[in-house]
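Laboratory data are not the source of any read-out in this text; all were calculated from the coordinates shown. All of these numbers come straight from a predicted model, not from anything done at the bench. Neighbour counts run over all protein chains shown; Cβ positions are idealised from the backbone, glycine included.
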Amino acid sequence: MAINTSMVIANSGIAFGTSGARGLVEQFTDDVCAAFTVAFLTTMQTQWPTKKIAIGMDRRPSSPAMAAACSAAARAMGFQVTDYGILPTPALALQAMADGVPAIMITGSHIPFDRNGIKFYRPDGEIAKTDEQAIMEGTAELPPFGACEREPESDAAVQCYLARYVEWFPGQPLVGKRVGVYQHSAAGRDLNIKILELLGAEAVALGRSEAFVPVDTEAVSDEDRALARQWATEYQLDSLLTTDGDGDRPLLADEEGEWLRGDILGLLCARELGIKALAVPVSCNTAIEASGVFEQVVRTRIGSPYVLAGMEALAEKHTSVAGFEANGGFLQGSALMEGSRRLEALLTRDALLPALTLMVSAARSSKPLSALVEGLPARYTASDRLQAFPTEQSQALLAEWQNNLSAMQQVLALEHDIAKVDTTDGLRVILENNEIVHFRASGNAPELRCYVEANDPALARQRLQQCLTHCLTQRDKGQEPSC
């Protein structure tokens, strides 16, 4: 009996999250990886007749086998596969868009070690939510795909990505600067060193790990905060750079080793690049609007497909459009010009553009990196997550609170009444003193995320810990909350 892709995918238990299909490693069998590949390429062929595909991956131990299964399925459909090996997701996307071919990135980004994922790109950028639905519901027959083997690796995509930034920032603007690179297990850890050196910086490799480290740029661990401060002092750094596992979300620390929030990094980058209109998720800091820098800002649900849709709508009225997320990933929606140089749009999250833009801006102005933040409205965000928080339980908790805000206020011990509610994505409440508390169930893992915004950084951190502690109590009760 013929097996169609939707049957295999439905039985796998894997679904699309905020950024690609994500699930447990054991769920991504060869058949499941092949089914996703066939469904994706079948969907793409309704608009793009190409018979070529690009494939890349991160450093998770499970990624090579998944890439091999995807490659085998693509070959079985008559596609020519180019394997770019381990590289940052934006590097793969940049090459695929330049070549006008679809792409598959094997990555679980920052999610826990026992999970992985597949991210899909159309020849013109990230897939949309409508593409996700078509992939899940496709009825293409799963062909026999033989041995699961990868193709020989090409370094063309890595070289293209490197050239993009070396050419955009000419004249070695980082000469005299010492930049730490927290390498851990990031896909672009060696590439980042090379780019910084070509820009003139002295790059100091730090924290390299051969075991996979799931760095989450929205939930920086206390250990990584302490390491950044220690390294900044020990190595006399001007800045410190790292990314998540697949290199599309940055973390940038200043000369004191203080990590910049991803949305503040995005705000500063957009300001430096002269962007006029922004699309950002609802979880981003409200300093974006309060800064008065942008002609229009639209707020979306969390996830790059929603940000991209917001950017597309803005492009109808503005010539300079970008987007970014609270995790720091920057999406460049319009080509940029500076003199005779042109930086092509890159419609996916990128870690290097915002980080390099701020480092170069600080260097050219002869100011420390921390000085770029001066003058921004005093709004501070603290965020973290509760892991091993079942999705069903977190959704029930938020639904209960949405229907009974006084219960939420009581459980979280909020001193001020709730003045406004925003349910764009999760439950976001604005208190009468203008503090913001925002909860949402992660779309990638069994985690409950919390974002707190206040006028004082210490207050934001205190409120965050308070909220997480009370939510942990709710989880450990093992029952849905009652009023």
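Give, in nm to one decimal, the length gained when the segment between Leu405 and Thr473 is fully stretched (0.36 nm per residue of separation minus the Cα-Cα distance).
Roughly 22.7 nm would be gained on extension.
From the C-alpha gyration tensor of region 380-476, pull out the three semi-axes of the equivalent ellipsoid (sqrt of 5λ each), sorted largest to smallest, in whole Å.
Taking √(5λ) for each Cα gyration eigenvalue gives 19, 15, 12 Å.
In whole Å, how far is the Cα centre of region 131-146 from that of region 202-262?
Taking the Cα centre of each part, region 131-146 and region 202-262 sit 39 Å apart.
Cα gyration tensor of region 5-154, axes a ≥ b ≥ c as square roots of the eigenvalues: rounded (a/c below 1.5), prolate (a/b > b/c) or oblate?
Because its axes are fairly even, with a/c under 1.5, region 5-154 counts as rounded.
Just to be sure I follow: if Rg is taken over the C-alpha atoms of the chain and Rh is the Kirkwood radius over the same atoms, what is Rg/Rh?
Radius of gyration over Kirkwood radius for the chain works out to 0.96.
Could you rank the peptides 361-372, 230-241 by their average count of other C-beta atoms within 10 Å per residue, with the highest value first?
230-241, 361-372
Out of region 175-220, which GluC sites (Glu not before Pro) are coil in DSSP terms and have no more than 13 other C-beta atoms within 10 Å?
Filter output for region 175-220: Glu210.
Nearest 5 percent is fine: what portion of the DSSP beta bridges confined to the chain is antiparallel? Don't skip to the answer; put the middle values down first.
On the way: 47 of 74 bridges.
Once the DSSP bridges in the chain are tallied, antiparallel ones form about 65 percent.
Tell me the net charge near Arg59. Cut-off is 10 Å between Cβ atoms, Arg59 excluded, with +1 for each Lys or Arg and -1 for each Asp or Glu.
Overall, the nearby charge balance is -1.
Filter the GluC sites (Glu not before Pro) in region 384-483 down to the DSSP loop ones having no more than 14 other Cβ atoms within 10 Å, then list what survives.
Passing sites in region 384-483 are Glu415, Glu432.
Go through Val215, Val429, Ala128 and say which Cα lies farthest out towards the positive end of the charge dipole of the chain; charges sit on Cβ, +1 for Lys and Arg, -1 for Asp and Glu.
Ala128
Using a simple charge model, +1 on the beta-carbon of Lys and Arg, -1 on the beta-carbon of Asp and Glu, nothing else, what dipole does region 380-476 show about its Cα centre, in debye to the nearest 20?
Rounded to the nearest 20 debye, it is 200 debye.
Gain in length, Val166 to Ser221, computed as 0.36 nm per residue apart minus the alpha-carbon separation, to one decimal in nm?
Answer, rounded to one decimal: 16.6 nm.
So which GluC sites (Glu not before Pro) in region 302-377 end up in coil per DSSP with only 12 or fewer other C-beta atoms within 10 Å?
Loop-located and lightly packed - Glu316, Glu374.
Just from the alpha-carbon atoms, what are the Rg and Dmax of region 134-293 in angstroms?
So, for region 134-293, Rg and Dmax equal 19.2, 59 Å respectively.
Kindly point out which whole DSSP H helices in the chain project their C-alpha atoms 27 angstrom or further along the helix axis while averaging a Kyte-Doolittle hydropathy of -1.0 or above.
Values: long enough: 457-476 (28 Å, -0.67).
Taking the DSSP H segments of the chain (at least 27 Å long, mean hydropathy at least -1.0), we get 457-476.
Taking the Cα of Gln230, stepping 7 Å toward and past its beta carbon, and measuring to each backbone N in region 165-205: which are under 17 Å?
180-185, 205, by backbone N distance to the label point.
Can you give me the Rg/Rh ratio for region 185-280, using Cα atoms for both radii and the Kirkwood formula for Rh?
On the way: Rg = 13.9 Å, Rh = 14.4 Å.
Ratio value, two decimals: 0.97.
Pull out the extension gain between Gln387 and Asn434, defined as 0.36 nm times the separation in residues minus the alpha carbon to alpha carbon distance; nm, one decimal.
Result for the pair: 14.1 nm of gain on full extension.
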